[in-house]
Amino acid sequence: MAAPLACIWQHRRLILRLAQRDLEARYRGSMLGLIWAVLTPLLMMGVYTFVFTVVFQARWGTSTGSKAEFAVMLFSGLVLFSIFSESLARAPGLMLENVSYIKKVVFPLEILPAVILLVALANAGISFLILEAFAIAVFGFPPLTILLFPLILLPLCLFTLGITWFLSSLGVFLRDIKQMVSVLVTVLMFVSPIFYPVSAIPEVYRPIIQLNPLTRLLEGARDVLFWGTLPNPLGWLLSTVIAYGVAWLGYVWFMKTRKAFADVV
């Protein structure tokens, strides 16, 4: 049962090196370089805030209704969702982008999903620093519960890793899966409490939204980041166990199917 974590720990240096190379390659040759990692989330936050607060006149449930508070709440959801969406968007084509590694019998292909997750976390980390700067300006200094934020990230990372293992394997055999995933990610973005709190949803539809595995993670993250609310220990433990179960199943699927990669590519 500990195989996924043991694999990541065993190859931790290689994962870090590949993630560093991926980040360097992403911004190499551009005039602004790493500055794009700051400008992109700022631009997206500005656009979404304008559309939802000015055009649609949206407000955040328990807040005072200011555009600044809505922007912070929205941006926090986008930062967390980006960890999930960036990994999933790359997963279906991950093996096809690294055919040279598939031909190398000794290369641990199973670490590649961990690499793209680490890259997504690095990009989200930059966005998180921007988020906290805005949050301090709007709400003041964060509550002490912000120290528990890594605990909220743990089930999200495990769940994302499991789905990425599964999709990166499936993408080798079903090339259409990439288009399907891009549609699914867009749908998940709008049915997750990113642009609205769960309390804004009519009671009759809330059970449906709660079926989304990202709902509790997004709400729990806002609780510890802004409202000073401690996560429910039992709820967090259950989420972590389920997320690790998804990670383990994804890892097992990947290891079972990787033997056929060389024949397909």
* **So residue 144, is it surrounded by 12 or more Cβ atoms within 10 Å (Cβ to Cβ), at pLDDT 90 or above and at negative phi** => no
* Asked: So is residue 251 outside any helix (DSSP H, G or I) and either under 22 Å from residue 112 (Cα atoms) or not polar (S, T, N, Q) (or both) or not?
  -> no
* Does residue 241 satisfy being assigned to a helix (DSSP H, G or I), within 17 Å of residue 153 (Cβ to Cβ) and free of Cβ contacts under 8 Å to residues at least 12 places away in the same chain? -> yes
* Does region 191-203 contain any residue that is among the charged types (D, E, K, R) and in contact with a helix residue (DSSP H, G or I) (Cβ under 7 Å, 6 or more places away or on another chain)? -> no
* Asked: Is there any pair linking a residue in region 4-19 that is farther than 15 Å from residue 157 by Cβ to one that is not in a helix (DSSP H, G or I), with Cβ under 7 Å and at least six apart or on different chains, and which?
  -> 11/108
* Structure fact -> Being β-branched (Val, Ile, Thr), farther than 26 Å from residue 135 by Cα, in contact with a Leu (Cβ under 8 Å, 6 or more places away or on another chain) and at pLDDT 90 or above narrows 224, 185 down to just 185
* If you scan region 209-233, which residues turn out to be within 21 Å of the chain's Cα centre (by Cα), assigned to a helix (DSSP H, G or I) and free of Cβ contacts under 8 Å to residues at least 24 places away in the same chain? -> 209, 210, 215, 216
* Asked: Looking at residue 87, is it touching a Pro at 6+ places or on another chain (Cβ under 6 Å) and either surrounded by 19 or more Cβ atoms within 10 Å (Cβ to Cβ) or basic (Lys, Arg) (or both)?
  -> no
* Taking the condition over 19 Å from the mean Cα position of the chain (by Cα), touching a residue at least 40 places away in the same chain (Cβ under 8 Å) and closer than 20 Å to residue 80 by Cα, does residue 199 pass? -> yes
* Of the residues 158, 184, which is under 18 Å from residue 83 (Cβ atoms) and either more than 12 Å from the chain's Cα centre (by Cα) or surrounded by fewer than 22 Cβ atoms within 10 Å (Cβ to Cβ) (or both)? -> 184
* Mind listing whichever residues of region 175-227 are of a type in the set (D, E, K, R) and farther than 26 Å from residue 66 by Cβ? => 175, 176, 178, 203, 216
* Go through region 27-64 residue by residue and tally those that are assigned to a helix (DSSP H, G or I), of a type in the set (A, V, I, L, M, F, W, C), over 24 Å from the mean Cα position of the chain (by Cα) and modelled with pLDDT under 75. => 1
* Residue within region 71-90 that is modelled with pLDDT under 85 and within 28 Å of residue 216 (Cβ to Cβ) present -> yes
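The values are calculated or read from the model by the stated rules, or taken from the named source; none is laboratory data. Computed from a predicted structure; not experimentally measured. Glycine also receives a Cβ, built like all others from the backbone with ideal geometry; neighbour counts cover every protein chain displayed.
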